[in-house]
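Throughout, read-outs are computed from the coordinates displayed, never taken from laboratory work. As the structure is a prediction and not an experimental result, all values here were calculated from the model. We place every Cβ from the backbone using ideal geometry, glycine too, and count neighbours over all the protein chains shown.
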Amino acid sequence: MTLDDFLLEAEDKMSKTELVVVNEFAGVRTGKASPALVENVLVEVYGSHMRIRELAGITTPEARTLSIQPWDANTLHAIEKAIQKSNLGLTPSIQGKVIRIFFPELSQERRQEFVKIIRKMTEDGRVAIRHVRRDAMEQLKKHGHDSGITEDDVEHAEKELQKLTNDYTAKIDGHLAHKEKEIMTV
């Protein structure tokens, strides 16, 4: 492997970490209904666990309402139970063959709780990026003595790795600022 390969691999892992953080943010309520809040909730049906998005159509008929329409009416109660157990603070109600979830206005305390949650997610993302940097640094040091690689090349690669780390940390912080603003906007 060349030094560029180590850097590309590290960048790929950091990019995936950023995507994970963004996807986790999608599951945090902002005061308006979003299918992303419930689509990954696991439901125990047919002897296994399936995500709601695999079992039903999820729509937002109004800004503060989610509508979940299972393709199989027999899964209606299992989906309702899974949403109640999901710790999202949502109360589903069955209306005919559809589950409706109404989103009340978020209180200031609840908004601050959500901000704490996303800050924790952000910190976890930063830690994951630093782990990628550490692993890549170890690889650089280990393979830095291979034929044809000078100490200057290794030093340059380490600087590039630090720059990547700083860039991805800044991207995650940007996502945090955006999501925090979204949550705190009344």
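Here are some notes:
- Structural descriptor for the chain: relative contact order 27 percent, calculated from alpha carbon pairs under 8 angstrom and at least 6 residues apart.
- Assigned charges on the beta-carbon of Lys, Arg, Asp, Glu; the range 35-102 dipole about Cα centre (debye): 120
- Normalised contact order of the range 35-102, rounded percent, pairs of Cα under 8 Å and 6 or more residues apart: 28
- Helix-only CD estimate at 222 nm, as mean residue ellipticity for the chain, using -39500 (n - 2.57) per DSSP H run (n ≥ 4): -20000 deg cm²/dmol
- Dipole of the range 35-102 [Lys/Arg +1, Asp/Glu -1 at C-beta], most positive-end residue of A78, L55, T65: T65
- Taking 0.36 nm per residue of separation and subtracting the Cα-Cα distance, full extension of the segment from N87 to E113 would add 8.1 nm.
- Cα centroid of the range 106-177 to Cα centroid of the range 33-54, whole Å: 31
- Given K16/K159; K97/K120; K13/K159, the pairs whose alpha carbons are separated by over 28 Å: K97/K120
- Against the set [x] 71, 40, 22; [y] 128, 40, 35; [z] 71, 34, 32, the structure's computed Cα extents along the principal axes in Å falls on [x].
- Between the helical axis of 3-26 and the longest alpha-carbon principal axis of the chain there is an angle of about 20 degrees.
- Between D173 and Q95, the modelled labels are 4.5 nm apart [label points 7 Å from Cα along Cα→Cβ].
- All lysines inside 16 Å of K116 as judged from Cα atoms, apart from same-chain residues fewer than 8 positions distant: K179, K181
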